[in-house]
Every structure is written in C-alpha cells, then in structure tokens.
Amino acid sequence: MKPSRKVTFDMDWQEKYADAIKTGARAVKRVRSGDRVFVGTGCAQPLSLVRALVDRADELEDIEIIHLLTFGEAPYATLEMAKTFRVNSFFIGENVREVIQEGVGAYTPVFLSDIPRLFSSGQVPLDVALIQVSPPDENGMCSFGISVDIVKAAAENASLVIAQVNPKMPRTHGNGAINVHEIDVLVPVEDDLIVYDAPPPGEATERIAEFVASLVEDGSTVEVGIGRIPQAIIKHLAEKRDLGIHTEMFTDSMIDLIESGAVTGRLKALDRKRIVASFCVGSQRLYDYVHDNPAFAFHPTEYVNDPFVIGRQTKPVAINTALEIDLTGQVSADSLAGVFYSGIGGQVDFNRGAARAHDGKAVIALPSTAKDRGVSRIVTRLSPGAGVVTTRGDVHYVVTEYGVAYLHGKSVEERAISLISIAHPDYREQLLREAVEARFLHPEFARVEGKLVVGPSELRTSRILNDGTQVTFRPIHPTDEPALVDLIYALSQETMYYRFMSRSKRVPRREIQNFVFIDHRSELAIVCTVPEAHGEDIIAVGRYYLDEKTNMAEVAFVVRDDWQNRGIGTQLFRYLTQVAIRSGIRGFTAEVLRENRAMQRVLNKSNYKVTSEPHQDVYSFVIEFQPGAD
C-alpha cells in the first residue's frame, strides 16, 4: 500500500505566475544555436522539455548537452542527432554510453564535489538549464525534489532557467529549493517520474555484501555508491544499530534498512537524526517515502560530497565499486582498456573523506572476475588506457567475494599478496608469477606457486579463555607472513628452542613461508589472534602435517611468552583436533623435547589414547582419536 501524498503546493500557482507559463515547445524556442544546455539529473530528468528540444533539431546547430548521470531516454544522444547535439557528460550512463564510446560525445572526468564550482566560476558557463521542480508553495518556493545534487548549482548559474513544473515531484526537506521568481519559464507537466529498477544481486555480489557489512560497526555513518554491489550491502546492515546515512544517492533498499530500526542517526556528528542525500533513484514507493518527510535532508553536491564534511562524520564508511585494480592498489572505476564506461562521480570525495575521519573506512568492492570468469578484475598492471580514479595512496579496503584486503600503509609486496589472496582462485598462480616477474614480490615467492590458498572461512571461531579473554582462531592467511615474523621474533630463546629444537634466534624466510603458504588440505595452520588498534596480533600458531600413507598428522604449536599459562595451548590443540577429526584424520603424532613439560601436559590431558616413547632428548607422542570422541 502506497502512503498518501499530502498536497504541499499552492493550488493557485498557475494563476499567480501566468506570465511565466509556456508550453514546452514555446519554452525551448528560447534555446539558440551554440548554447550550452544543462539537463537535470537522475530520475528527475525533465523528459518533456528534452523531447521538445529534440523536436527542434532541424532548427538548431552546435548545441552542447551537459549533465551528470541521467536515467530514462536520452533522444539527443544518438548518432543521427550528433550533428545537432553534442553530449558532454560528467558521468556516463547507459543512455549516452554509445555516442561517447563512438567519439561523437564527450566525457568530462571530474570529482563530483568540484562540478558546482565549474558552474559558479564561469569555467563551464551555462546558457540554459532544463530542470524539473515541484509547483511553488504559498511562499513561492519550488523544490528540486529527488535531485538536488548539481541541479541547484546549475539553476543558480544558468543564464536561462526553464523548469518542468510537475505536481508529482516530491517536495523534499533540506537545502533543495528555488524561488519561483528565479525561474524564467514555467512549463506545467503532470507526468510520472522516471523509475529505476536495480538489477538483482548474484551469488558473488551477495558474498561481497556480507564481507563489506562486517566492516560496518554500530554507530557508523554509511555512504553507498551506485551499482548492484553497494545496494546489495544495505540489506546486510539490518542487524546493526544506530547507523547514520550521509550519501550522495538514496535508493529503495534503504527504506527497509530504516524500517528495520538500524538507522537512527542519533550518533551523527553532523545533521544528527537526519538522513542526508543529494538525489534518489528508485520506485514510486521511494518518491512517496521522501515526500515531505522531515527525516530526510536533501542537500546540494557541494555539501554532501565535500570531503571535509564527510571527514567530520561519525565513523564514516564509504562503499564504492571499481572495474579493475592492479596489484599496487591503483583503482580504475570509469574506464577499461581506453574505453569510458561511467565516471569518477563521488568515489574520491567519499573515499578521502572517510579515510581522513577518526575510525573511518574507505571501501572499494568489486567482483573478482568479469565476462563469466573470463578475465580477472585484479590484475598485475591496469589494462592499457585504463584511468586511475582512486590512487594507490588513497586505497584502503578492497573487497571481493573471496575476502577483504587492507592496503593502506602496506608495501607493494604486502599489497600484491593481499590482493592475490582475494583474487579468483583460477587466476592466483598467474598473478603470483607476474608479480614476481614485475619485481613486486621477492624472487623466493616463485616457490610458493600453487600454495597461495586462502583457508576456509568456516574454520574461523572465537573462544573464551579461563580469565574471560576472547581470542579468535582462524586459518593462517597468505598475508600473515609479517605478523608471523613478529610473533617468532617476540619469542624467548627458551620458547624458540622448545618449538624449533634450535638455539638459533633467526628463522629463514623460506621456513616462515612454509608456515604461511600451505594447501589447507594435507597441511593446516591455525592462528590465535587478539584485536589491536592496527587490526590484530597473532599470539599463537598451531599446525599439523598429514602423512597420507598412515593418515596420521604431525602436530605442533607455539604460544607467545606473555600469553603462556592462560590455556591458549590447550584450546588451540583441542580446536586442531576437532578439525582433524572432521577431516577423517586418524590421529596426531608429535615430537616434544624432554624439557618442554607444558607441551607434554597438553598432550597427556587430551581425551584420547595417548602413548609416548623417549628417544634421547625427545618424547615421541602418538594420539589416536577414538570414534565419536571430542
């Protein structure tokens, strides 16, 4: 059931402003050859005015049509119309993509937050603005409704403003109104607004959405860009609490999020308890929802997309998409192989704003492949001609359906391993070889080809120690090499001797790689972590190696000295045992030094059949799992 719409405009407006009223055909007669004509944004594109202008094509020459993303038809953007109308778009939508890719239209790459200043400074002067507004209220104010964005700036700076005045345009709160006397020509039109149906998410999209949602904390202020991935994320946020919304675009999916109770905005640093956007696209349900709704504040782009405004939000999370990313972290979002597909939009504005904020998160999400898995979106080097939208210095989180990579402050080597780890498995070996050849990785990484495997996420679990401390057990990850080095060099000489049976403090990189790069089938390594400000610390690691001839696995583990005697070794051994039993392994073997009584106690206290034999300085243990035992 659609909510009823309140009439919030002056019913006598056509009589009051009769002198400014014209038909669409008469209004566009004022457009002259050589004019630069702005067309309103998104689903508020004034189609009646656009059609009337196109009907004059034989009378006009050299008309430049300038706009942001528009939905619905674009009758001026055809090869046949290119003699009269030249498209110049700040963001390439499907309706203008062909003429731009054919070279008879233009694309202007620019940060969305910079566009209003192009108009006001005169760098991009506007002769005519074709916009769509609501009828004026009793104070003579018309609402830009569902598209304030750059439309407000265009109307304020164009020499001639022609408005399609539509009683079906919602009146929205915020800073999105224009006085009727600032409009030169009023064209009454009662048409349904353009509606936009978001494409349904696929399996990979849903998995990406789950990973991204895990990055959103309670109390965060969320921005989602355009595309199926950002919109899929919304439904995975319903269990969050006290979220705020500050985003350039609002869609139907956010209605359900609001009604779930997840959005309160009470913790926002700016616009508290208000949902801030600059435009919305979606269904009539959405347009009815925002109509005269004081919970929403529609503001122009120069406010919504200001990185300094974004950076003042509470725990802002900016979620945007990409076409391709290289192993150094360069993100291409508007073009691929020299062909323009979309635009810069607000990605950089929100990415930089979120990154500069306290507890902010800047997220780039993309599927690992394209063209039915025919190409990898994670590449060693960007395709020739691909443009960088988000630089390697700006990138923070990258998410695919295979996981999350955090790149900020990381070396090129660490970035390459992180990104290869979340690439599609079919492309990881190729990317590893290319990364070594490109000198992004040390030559020693050539030996781990085929072992760049991410452990199964279902093995991740949390446990509570006897003193109430919560720790996390998870499979070791290819990006854990630096943290594992930190763990090893934090061990005392005694602990090192007990674990490696060597007095040497140095562990060769090759041996560390043997710990990290495993197949998670015949070998398994589980790390124990605790959260830290920089992410997490590895405080223990346990692993087993399967002898397929005997179906017995050799087990070993080590706990950092300052975390010993707190039950971690016992918990880690129990967990390794549970995983081994589920994998059909018959039992464990272990070689333990006579002096290592702590390890001996852990093994002897297990609930399984334990035998041990002394061999000089070492006890050889055999732990046989009993059927059904745990």
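Please find, within segment 482-491, the residue that is surrounded by the most Cβ atoms within 10 Å (Cβ to Cβ) out of those that are touching a residue at least 60 places away in the same chain (Cβ under 8 Å) and under 17 Å from ALA525 (Cα atoms).
If we filter segment 482-491 for residues that are touching a residue at least 60 places away in the same chain (Cβ under 8 Å), which is where we start, we get 482, 487, 490-491.
Okay, now just the ones that are also under 17 Å from ALA525 (Cα atoms), so 482, 487.
Values: PRO482: 16, LEU487: 22.
Selected residue: LEU487.
Just checking, how many residues over segment 242-258 are in a helix (DSSP H, G or I) and either β-branched (Val, Ile, Thr) or modelled with pLDDT of 95 or more (or both)?
Restricting attention to segment 242-258, the residues satisfying the condition of being in a helix (DSSP H, G or I) are 253-258.
If we keep only those that are either β-branched (Val, Ile, Thr) or modelled with pLDDT of 95 or more (or both) too, we end up with 255, 258.
Within segment 242-258, residues that are in a helix (DSSP H, G or I) and either β-branched (Val, Ile, Thr) or modelled with pLDDT of 95 or more (or both) number 2.
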Test set (1) farther than 19 Å from GLU591 by Cβ; (2) touching a residue at least 12 places away in the same chain (Cβ under 8 Å) - GLY468 fails condition number = (2)
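Would you check which residues across segment 594-616 are more than 23 Å from GLN564 (Cβ to Cβ) and in contact (Cβ under 8 Å) with a residue 24 or more places away in the chain and list them?
If we filter segment 594-616 for residues that are more than 23 Å from GLN564 (Cβ to Cβ), which is where we start, we get 608-609, 611, 613-616.
Across segment 594-616, the qualifying residue is only TYR608.
Would you check if ILE364 is under 20 Å from THR221 (Cβ atoms) and either part of a helix (DSSP H, G or I) or at pLDDT 95 or above (or both)? Before you say what the answer is, go through the steps one by one.
On the way: under 20 Å from THR221 (Cβ atoms): yes; either part of a helix (DSSP H, G or I) or at pLDDT 95 or above (or both): yes.
Considered against the rule, which asks whether it is under 20 Å from THR221 (Cβ atoms) and either part of a helix (DSSP H, G or I) or at pLDDT 95 or above (or both), ILE364 comes out as yes.
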request  = Report, by residue number, each residue of segment 446-481 that is under 17 Å from GLU523 (Cα atoms) and in a loop (DSSP other than H, G, I, E, B).
outcome  = GLU449, GLY450, LYS451, LEU452, VAL453, VAL454, GLY455, PRO456, ARG460, ILE476, HIS477
key: Single match in ILE417, ILE476 (criterion: surrounded by 22 or more Cβ atoms within 10 Å (Cβ to Cβ), under 23 Å from the mean Cα position of the chain (by Cα) and modelled with pLDDT under 95)   = ILE417
note = Checked against (1) in contact (Cβ under 8 Å) with a residue 60 or more places away in the chain; (2) crowded, with 17+ Cβ neighbours inside 10 Å; (3) not acidic (Asp, Glu), ALA423 satisfies every condition except (1)
message = Tally up the residues in segment 268-317 that are within 21 Å of ILE233 (Cα to Cα), hydrophobic (A, V, I, L, M, F, W, C) and out of contact with any His (no Cβ under 9 Å at 6 or more places or on another chain), please.
response = 5
task = Being small (Gly, Ala, Ser), surrounded by 12 or more Cβ atoms within 10 Å (Cβ to Cβ) and either free of Cβ contacts under 8 Å to residues at least 24 places away in the same chain or more than 12 Å from LEU484 (Cα to Cα) (or both) is the filter here, so list the residues in segment 495-541 that pass it.
result = SER522
inquiry  = Any residue at all in segment 73-81 that's closer than 18 Å to GLY343 by Cα, out of contact with any Phe, Trp or Tyr (no Cβ under 8 Å at 6 or more places or on another chain), assigned by TED's automatic domain parsing to the domain that holds PHE144 and not polar (S, T, N, Q)?
reply    = yes
task = For segment 545-553, state whether one or more residues are more than 41 Å from the chain's Cα centre (by Cα), at negative phi and not in a loop (DSSP other than H, G, I, E, B).
result = yes
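The values are calculated or read from the model by the stated rules, or taken from the named source; none is laboratory data. Since the structure is predicted, the reported quantities are computational estimates derived from the model, not experimental observations. Note that each Cβ is placed from the backbone with ideal geometry, even for glycine, and that neighbours are counted across all protein chains shown.
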